[in-house]
Amino acid sequence: MTEPIQLTDAARFYALSPHQTAAFEWLQSQISQKVLDEFAEKYRNAPEPKQKPQVTGYITPELMQAITGHPAKSFDSVFCNDFQEMIEITGFDQHIDALQMLTANLCHETCGFVYMKEIASGAAYNYRADLGNTLPGDGEKFKGCGVLQLTGRYGHQRFSDYMRDHHGID
């Protein structure tokens, strides 16, 4: 049996594929104009943003500026709090030498947290069995991304499994 679809997931993973567009067009044709108008109102009128979350740990915009050389304004509270949470969850906050090496590696992989996708096309990774890239275009589709530049179909699938992403990868 196919797992029920959530419209928020369909919208999040919408990639302008013809079958996806056809599905959205069909759905729209099934909905009354009144419901579509109400949806448009809710969709277009976001609530006023609440006060920005505050930085809660020692990973601050100023620290990130000192580490990367990029302006502190490049690092918002969401980035800093996520980074803080990641190092606490993984235990790196308990080992300063390991945290320094991790941060140096992350900075290297992303040019100081500027590039979250590999700059190269990824074509060099096509048909790399060691990365799990067995299908045409896998190199480009699964090129390095994220702070550690996770690369390859195999690595992406393992991460998806770890995160319990029920959508998996295509």
Query raised in the report: Of these, Thr60, Thr56, Thr68, which one is open to solvent by 100 Å² or more (accessible area, probe 1.4 Å) and either touching a Cys at 6+ places or on another chain (Cβ under 7 Å) or over 20 Å from Gly146 (Cα atoms) (or both)?
Result: Thr56
Report summary line: Flagged in region 39-53 as loosely packed, with under 12 Cβ neighbours inside 10 Å and not in a loop (DSSP other than H, G, I, E, B), in numbering order, are Ala40, Glu41, Lys42, Tyr43, Arg44
Query - Verdict on Met64 being touching a residue at least 40 places away in the same chain (Cβ under 8 Å) and more than 30 Å from Thr8 (Cβ to Cβ) - result: yes
Requested in this report: Filter region 86-99 down to residues that are out of contact with any helix residue (DSSP H, G or I) (no Cβ under 8 Å at 6 or more places or on another chain), over 16 Å from Leu148 (Cβ atoms) and in a helix (DSSP H, G or I), then give me how many there are.
Outcome: 4
Report summary line: Residue count, region 111-166, condition over 26 Å from His70 (Cβ atoms), open to solvent by less than 40 Å² (accessible area, probe 1.4 Å) and within 15 Å of the chain's Cα centre (by Cα), comes to 4
Query - Odd one out for Pro136 among (1) part of a loop (DSSP other than H, G, I, E, B); (2) at negative phi; (3) touching a residue at least 12 places away in the same chain (Cβ under 8 Å) - result: (3)
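The values are calculated or read from the model by the stated rules, or taken from the named source; none is laboratory data. Fair warning: this is a prediction, and the values are worked out from it, not measured in the lab. Because the Cβ atoms are built from the backbone with ideal geometry, glycine has one as well, and the counts that use them run over all protein chains shown. When the accessible area is computed, the model is the full protein with side chains, heavy atoms only, and any ligands, DNA or RNA have been set aside. Shrake-Rupley method; radii C 1.70, N 1.55, O 1.52, S 1.80 Å.
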